[in-house]
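One structure is given below, encoded as structure tokens.
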């Protein structure tokens, strides 16, 4: 089957992007025209007819980035529409076609334009009529595991997906290092695993090396602890748990071996502030570069205004420029986000007067623009250009307090702003930083989140070797090299006399128009003279540079034949990526610099109109890059189109630096003072630890600052240490019983529940009693019981109950929960209540459980109370020294993995006159040759067991453990199966086995 990747260009989309068809849709056609959109005959024609409309409604509501799974209500024929938006890159087209093919249907992908030639792609699958079990297990559980690695708190949205929730004003937080220290190393704030376990201080968790995800005992904090020795790719499940249960990263703490990332417990709906993506975190962790960048290359040789005679874009001709992205950001969510937030910065800073293709329907447009005293547009006109940058300067800082290093963020609402001109715009930058941060815009906050991860990973040593392959931009660079070489050849042979004649004609025409305007009283004759002189002096300046440029090109070609013009072409085609280190001769490097500067100067470029066609170059660049056959669910645009003639030189973008401001405590520095070291660190007195957060940006910017009293008095120099509730949460935050991501943060869904999650109410008294009873065996206990919703999992030393809705959810919940407990000397014992033997066998054979070193006990709830069954295991009134072992039968097996089954019976006399002997019946499954004397082996094991010191427990549970371990040690190819007996209370015990875990014990009293 062929996977279908289509772009819909219906009336609704065309109307929304009015004027886009001639350019943007041309480029999209070049990409998507390679694929068909036909579909095979389906059992669900009604659903197939509605698929595209449902998707279009979704993308009109969420035109940019949202990764989610959504399901429609059953239609009249029982079919449904399943939407998977922006799947992670490890799932390719074939995966979804296989998923759909198993259901007798076909997957289809639809792509929505983002920018000029970028897109986001989603998968849609028509589901035939399925019952709840088929839908949850066959489709949704499998899909969720493959998407996210876990079904933890799995959630499905309803199609049509509702619009995002209103702005709750909760995305701009500021938490100090002093507060992080207080929260993480104070007995008042403890953290316990999200799957249950003992509460501990975070410092203790780091010291003991207990990685995983933890939640605070009081509302507010979720923590993801990871080892510096592990590849981040090993934490896909924990990452999903953390990204779901938290919605904002507020900082990090580290010791020598472990890093804890701290997040604000989720208060935002996942449709407004979606979970961060693990694939993006992996990309960040695998990045070797110390900084990441994005920009619209307005100063590129070929960037500029398109020819109005050849372009039809509404009522105006746009400017265009190539988009630069660091190579590992191409075709990634983060790279696309940086383009979006770059447009936010430039458009809203300039009062919305700069417009971008496919940015009209941005869903979070503010009602008010930055409150500058003087319009930045006026400043722009005075200066001629401004550098607009999102920047990480002063956004984060690190400091060590006692035994731990902390990284925290000044604000989480937005990155800081730089407006670069020849004059200082510091006041504008502060106003803009406060304005954009206070918008509570989810995209601006999301960029801060990923930047925080980038700095945490780099600063504290978290990395990954798992990086998704990104699309190469090399073909586009090669195209620019070719066009640059053609332009250089044309300049060398340029007839400058013709240019002078054209200027003289143009100049005379201008003078005539000006005199006519003066005669009409529109301007003065003095202004005519000034304009004429200015026009002529500029031309003379440009002409001199043109003569100089042609001379330099000819000189370079003569002095360094074969390489001068080709190297210049490479430099001009991709100035950011040009490798100067390969130029050994200083004079040649100087020639490259001066010549490239001349040819790129705006004064000269305005005369290149006859030498190049910007429209054809832009189209050629887009077409070359569109020929890349790689598939991606996110495609970052290669160029930007915008409207505003005065602002064609509004350059800039993002500079994401992994370095943060480093602050160090030092007793050598007097209180109230700071000192800078040669390596750039800033020393402060420990007594000022509460002051450094509010002034961290000034410490970074003001190099001459040495006295904290110099800081503006408008800033609080001694902030209080707030509680997590006060610093992070709103007054209407959820109760203690309903923590992290929960029903309040998702939309309603017609999908049956699946996966697992912590239950939103604690242990009942009856459940607590069963845990206490099981723990009397001196084991780490896990109890699995059936419930009206599926299954519940109880565990030792935990008031958290896991609820699993499906059997596959139970497998994962149980496996992850058992695997998460710290290593200790206690054995792990699993109690399965009200399971049949076949169900127990199936459960213990699953991948999440079969390799766990646990002993399993099956209790049939209806026949005997839990406490009585545990009492039987603890019973030690038997004379093990006089136990007898006899072989009951041996039979060959046909059509089985095993060759023989041997049944052996153990009778243990009671040491209590009124109590009958204990009969243990063991069935042994043998692969290969029958061992010589299993009866004798078991007899010797029991004898050895009976001769252990009096202090050793000699109950039934201990005896079973001994038999299991010794037989497996002597005969690793043997499996034990112990069947139960009704008179014994339906008690079954199984233990670790090389091949599987279906060993069971039959016990009866004589």
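The values are calculated or read from the model by the stated rules, or taken from the named source; none is laboratory data. On a predicted model such as this, the values are computed, not experimentally measured, just so you know. Here Cβ is always computed from backbone atoms with ideal geometry, including for glycine, and neighbour counts include all displayed protein chains.
Looking only at the stretch 583-634, which residues are assigned to a loop (DSSP other than H, G, I, E, B) and farther than 21 Å from residue 482 by Cα?
Across the stretch 583-634, the qualifying residues are 584, 585, 629, 630, 631, 632, 633.
Among the listed residues 187, 196, identify the single one that is out of contact with any strand residue (DSSP E or B) (no Cβ under 9 Å at 6 or more places or on another chain) and either part of a helix (DSSP H, G or I) or more than 13 Å from residue 404 (Cβ to Cβ) (or both).
187
Looking only at residues that are assigned to a strand (DSSP E or B) and modelled with pLDDT of 85 or more in the stretch 676-687, which one is surrounded by the most Cβ atoms within 10 Å (Cβ to Cβ)? Full working, then the answer.
Narrowing the stretch 676-687 to residues assigned to a strand (DSSP E or B): 676, 682-684.
When the remaining residues are screened for being modelled with pLDDT of 85 or more, the result is 682-684.
Details: 682: 21, 683: 17, 684: 24.
Taking the candidates together, the pick is 684.
Return the residue satisfying two criteria in turn: it lies in the stretch 493-518 and is touching a residue at least 12 places away in the same chain (Cβ under 8 Å) and under 15 Å from residue 530 (Cβ atoms), and of such residues it is farthest from the chain's Cα centre (by Cα).
Ranking the qualifying residues of the stretch 493-518, first place goes to 515.
Collect the residues in the stretch 101-143 that are crowded, with 23+ Cβ neighbours inside 10 Å and in a helix (DSSP H, G or I), keeping them in residue-number order.
136, 140, 143
Does residue 480 count as more than 24 Å from the chain's Cα centre (by Cα), farther than 29 Å from residue 230 by Cα and surrounded by 22 or more Cβ atoms within 10 Å (Cβ to Cβ)?
Considered against the rule, which asks whether it is more than 24 Å from the chain's Cα centre (by Cα), farther than 29 Å from residue 230 by Cα and surrounded by 22 or more Cβ atoms within 10 Å (Cβ to Cβ), residue 480 comes out as yes.
In the stretch 522-537, how many are in a helix (DSSP H, G or I) and touching a helix residue (DSSP H, G or I) at 6+ places or on another chain (Cβ under 7 Å)?
6
Considering (1) closer than 30 Å to residue 287 by Cβ; (2) part of a helix (DSSP H, G or I); (3) at pLDDT below 90, say which one residue 466 fails and leave the rest.
Evaluating residue 466 over (1) closer than 30 Å to residue 287 by Cβ; (2) part of a helix (DSSP H, G or I); (3) at pLDDT below 90 leaves (2) as the failure.
Being more than 20 Å from residue 105 (Cβ to Cβ) and either part of a helix (DSSP H, G or I) or at pLDDT 50 or above (or both) narrows it down to one of 83, 13, so name that one.
13
Pairs needed: first member in the stretch 150-167, at negative phi and at pLDDT 90 or above; second member anywhere, assigned to a loop (DSSP other than H, G, I, E, B) and surrounded by fewer than 16 Cβ atoms within 10 Å (Cβ to Cβ); C-beta distance under 7 Å; at least 6 residues apart or different chains.
As it stands, the answer is 158/748; 158/750, since those pairs meet every condition given.
Within the stretch 215-306, which strands (runs of 3 or more DSSP E) (wholly inside it) include 3 or more residues that are more than 30 Å from residue 324 (Cβ to Cβ) and touching a helix residue (DSSP H, G or I) at 6+ places or on another chain (Cβ under 8 Å)?
Once the strands (runs of 3 or more DSSP E) in the stretch 215-306 are filtered for at least 3 residues that are more than 30 Å from residue 324 (Cβ to Cβ) and touching a helix residue (DSSP H, G or I) at 6+ places or on another chain (Cβ under 8 Å), what remains is 221-227, 246-254, 258-265.
Give the residues of the stretch 322-339 that are part of a helix (DSSP H, G or I) and either modelled with pLDDT of 95 or more or buried (at least 23 other Cβ atoms within 10 Å of the Cβ) (or both), sorted by residue number. Quick ask: steps written out before the conclusion?
Here is the first cut: in the stretch 322-339, the ones part of a helix (DSSP H, G or I) are 327-329, 333-339.
Within the stretch 322-339, 329, 333, 334, 335, 336, 337, 338, 339 meet the criteria.
Within the stretch 390-420, take every residue that is under 21 Å from the mean Cα position of the chain (by Cα) and in a loop (DSSP other than H, G, I, E, B) and give me the one that is modelled with the lowest pLDDT.
395
Specify which of the listed residues (274, 318) is under 25 Å from residue 364 (Cα atoms), within 12 Å of the chain's Cα centre (by Cα) and either surrounded by fewer than 23 Cβ atoms within 10 Å (Cβ to Cβ) or touching a residue at least 12 places away in the same chain (Cβ under 8 Å) (or both).
Of the residues listed, the single one that is under 25 Å from residue 364 (Cα atoms), within 12 Å of the chain's Cα centre (by Cα) and either surrounded by fewer than 23 Cβ atoms within 10 Å (Cβ to Cβ) or touching a residue at least 12 places away in the same chain (Cβ under 8 Å) (or both) is 274.
Identify, from the list 794, 810, 832, the residue that is modelled with pLDDT of 80 or more, under 30 Å from the mean Cα position of the chain (by Cα) and not assigned by TED's automatic domain parsing to the domain that holds residue 83.
Being modelled with pLDDT of 80 or more, under 30 Å from the mean Cα position of the chain (by Cα) and not assigned by TED's automatic domain parsing to the domain that holds residue 83 holds for just one of 794, 810, 832, which is 810.
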